[in-house]
1. On the basis of being open to solvent by 60 Å² or more (accessible area, probe 1.4 Å), in contact (Cβ under 8 Å) with a residue 24 or more places away in the chain and touching a strand residue (DSSP E or B) at 6+ places or on another chain (Cβ under 7 Å), does D78 make the cut?
2. Which condition number in (1) open to solvent by 40 Å² or more (accessible area, probe 1.4 Å); (2) touching a strand residue (DSSP E or B) at 6+ places or on another chain (Cβ under 9 Å) is the one that E85 fails?
3. Filter the range 1-48 for residues that are more than 18 Å from V64 (Cβ to Cβ) and of a type in the set (G, A, S); which is modelled with the lowest pLDDT?
Amino acid sequence: MRLTRRSVVSLTPADPGWDVEVTKAGEEAVLCPVIGWAVVVLDTSAEGVTETAIEPAFVYDGAVYTPAELAHSIGELDYQLIEPEE
């Protein structure tokens with residue numbers, strides 16, 4: 001399998017209560033439920049070394065995104081992960 005930037009390598013479900021607050025420049029913040037945790041490819045090298053990170057997978061406007069995927073789709077954005085209340 002050829003890995004490219006922003007590829008999701010694996011996904012595991014998130015416990016209920018996690019949210020992401022997404023803010024696009026000049027717009028109101030949107031609260032999005034986190035449905036899982038994704039291992040996302042950050043970069044690859046010619047030697048086959050792959051750099052990954054764990055990112056939230058959340059529902060935004062009826063579709064599932066990671067922060068990198070959403071930024072690629074709608075442009076620059078800020079996001080804040082919100083932990084469940086105890």
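1. Values: open to solvent by 60 Å² or more (accessible area, probe 1.4 Å): yes; in contact (Cβ under 8 Å) with a residue 24 or more places away in the chain: yes; touching a strand residue (DSSP E or B) at 6+ places or on another chain (Cβ under 7 Å): yes.
So D78 fits the description; yes.
2. The one condition E85 does not meet is (2).
3. G48
The values are calculated or read from the model by the stated rules, or taken from the named source; none is laboratory data. Fair warning: this is a prediction, and the values are worked out from it, not measured in the lab. Note that each Cβ is placed from the backbone with ideal geometry, even for glycine, and that neighbours are counted across all protein chains shown. Areas reflect the complete protein model, heavy atoms only, side chains present, ligands, DNA and RNA absent. Shrake-Rupley method; radii C 1.70, N 1.55, O 1.52, S 1.80 Å.
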